[in-house]
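Asks: One structure coming up, written as structure tokens, with questions to follow.
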Amino acid sequence: MSNLDSVYSKLTIKTGAKLALVVLDGLGDIATAAQGNLTPLEAAYTPNLDALVRSGCAQGRMIPVAPGITPGSGPGHLALFGYDPLEFEVGRGVIEALGLGFELKAGDVAARANFCTLNAEGIVTDRRAGRIATEVCERLCGLLSAQIKKIGTTQVQVIPGKEHRFVVIFRGAGLEGPLTDTDPNREGLPIAESKPLDAKNAKQKKMAKLIADFYAVALPILAQESPANGFLMRGIAHQPEIPTFEERYQLKPAALAVYPMYKGLAQLVGMNKIEGPQTIAEQFERYIREYENYDFFFIHFKYTDKAGEDGNFKAKVKAIEEFDAALPILLARQPDVLAITGDHSTPCAMKGHSWHPQPVLLHSNASGTDKLERFTETGANLGSLGIFEAKYLIRLMQAHGRMFDKFGA
């Protein structure tokens, strides 16, 4: 525990406050001439968010990791949960495996994978294989599972996720991550070789060879498939030790998320995963039903990020409007502290995550009002929260819930 975390811990008071963190994945964006010099948040019709802002909110912008660093979803969410992403590095494969309900054991190495499209020369032409349907992913994973159960003495398990995503678990002696990704991160390049991050680490070297051997037997199985005739691997790592959310904040937490990765992130820090809801309206309805059972709610909405990665401005606007239409369900039983934000920015013009600070809205009896009319990037630039590191959001939420005693005399 850092010195600052120790101070927060000593000041913490259990007050019974209810806190909710609502994350519109990849919410932040940039205004460009092609988009009418508006961001999707500015272009969207959001009467319910607007009313919430006018009722009294503080706004600001958050740096997800550090200036100029573009985060993955894992670091972005860990920061929102109050864990310094530079201190707690977690492989995406571990997160995805946990989210799919797989119980990792000591020594297991997990990799998050995407089915992709390869041309005849082995060049990646589509990193997501056209976002194949989940049913297709399940069939392809079934093919791999049936034919690859072991590599040498190492057990291999292939677990399908949603759409083009799946997880590969390696279970055997003497394995360790992290390794570099095989995802070249853009089309037009071949599948990259996975290498140890520590060239002197024998366990990582062994793991890197296993990845190469897995590709050697798996790619021929997929060769005749279309469009998913290949796959890319990211976040090849083992599970680290992380203090639980409840230990750090004295709050009993629950997670309402649809996609496995975000369930895994929540589980990683000890949140209870509430299964079942599939739409944002259903998530808010379940929040209402579970209100008395938990102190903290993490509610995740994926579709803003998906639209941003596709470069689809209209779809991102539509996703924000879908969220706004459901918001009155949550507000019917408003928590003592409500934060609405993103885990990072995913600008449509960039078709991917970026380093741009994401906007954040904070509402409580202690938030006051910034006298703004809407929740937008432009408004957030003027807000009283200023620009701060995302890892402090939970601490600000605790403060607004009157959960800290006074520091010093």
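We did not get these values from a lab; they are worked out from the coordinates using the rules stated. Everything numeric here is computed off the predicted structure, so don't read it as measured data. Every residue, glycine among them, receives a Cβ derived from its backbone with ideal geometry; neighbour counts consider all protein chains shown.
Asks: Considering the chain as a Gaussian network with a 10 Å cut-off on Cα pairs, which listed residue, Phe296, Phe214, Phe245, attains the greatest mean-square fluctuation?
Replies: Comparing Phe296, Phe214, Phe245 in a Gaussian network model of the chain, the most mobile one is Phe214.
Asks: Give me the dipole magnitude in Debye, nearest 20, for segment 272-409 about the Cα centre, with unit charges on the beta carbon: positive for Lys and Arg, negative for Asp and Glu.
Replies: 180 debye
Asks: Could you tell me the calculated FRET efficiency between Asp5 and Ile30, based on Cβ-Cβ distance and R0 = 35 angstrom, to the nearest 0.05?
Replies: 0.55
Asks: Can you show me the helix-derived [θ] at 222 nm for the chain, built from DSSP H runs with n ≥ 4 at -39,500 (n - 2.57) apiece and divided by the number of residues, rounded to the nearest 500.
Replies: That calculation yields -10000 deg cm²/dmol at 222 nm.
Asks: Give the distance, in whole Å, between the Cα centre of segment 80-112 and the Cα centre of segment 182-227.
Replies: 19 Å
Asks: From the residues Leu372, Thr70, Ser194, which one has its Cα farthest along the dipole of the chain in the positive direction, the dipole being from +1 and -1 charges on Cβ of Lys/Arg and Asp/Glu about the Cα centre?
Replies: Comparing the listed Cα positions along the dipole, Ser194 ranks first.
Asks: Now for a different question. Please identify every one of the trypsin sites (Lys or Arg not before Pro) in segment 69-127 that sits in a loop by DSSP and has no more than 14 other beta carbons within 10 Å of its own beta carbon.
Replies: The qualifying sites are Lys105.
Asks: For segment 95-237, state the semi-axes of the equivalent ellipsoid (square roots of 5 times the eigenvalues of the alpha-carbon gyration tensor), sorted largest first and rounded to whole angstrom.
Replies: 23, 17, 13
Asks: In addition: If you restrict to DSSP beta bridges whose two residues both lie in the chain, what percentage is antiparallel, to the nearest 5?
Replies: Numbers: 38 of 60 bridges.
Among the beta bridges of the chain, antiparallel pairing accounts for roughly 65 percent.
Asks: Follow-up question, since we're still on this one. Using the 10 angstrom Cβ neighbour count as an exposure proxy, how do His164, His356, His344, His300 rank, fewest first? Show your work: numbers first, answer last.
Replies: Details: His164 27, His356 19, His344 33, His300 24.
The most exposed by this proxy come first: His356, His300, His164, His344.
Asks: When we measure straight from the Cα of Lys205, which lysines land under 23 angstrom away, once same-chain ones fewer than 8 places off are left out?
Replies: Leaving aside lysines fewer than 8 places away in the same chain, those within reach of Lys205 are Lys105, Lys149, Lys150, Lys195.
Asks: Relative contact order for the chain: what is it in percent, counting Cα pairs under 8 Å that are at least 6 residues apart?
Replies: 33 percent
Asks: As a quick test, which of the pairs Lys314/Lys371; Lys18/Lys252; Lys252/Lys273 have an alpha carbon distance above 18 angstrom in this structure?
Replies: From Lys314/Lys371; Lys18/Lys252; Lys252/Lys273, over 18 Å: Lys314/Lys371.
Asks: Then there is this: Specify whether the C-alpha gyration tensor of segment 1-126 places it in the rounded, prolate or oblate class, a ≥ b ≥ c being the square roots of the eigenvalues: rounded for a/c under 1.5, otherwise prolate if a/b is larger than b/c and oblate if not.
Replies: oblate
Asks: Along its three principal axes, how long is the chain when you only count alpha carbons? Whole Å, largest extent first please.
Replies: 61, 49, 38
Asks: Given C-alpha coordinates of segment 173-230, what is the ratio Rg to Rh with the Kirkwood estimate of Rh?
Replies: Using Cα coordinates only, the ratio equals 1.04.
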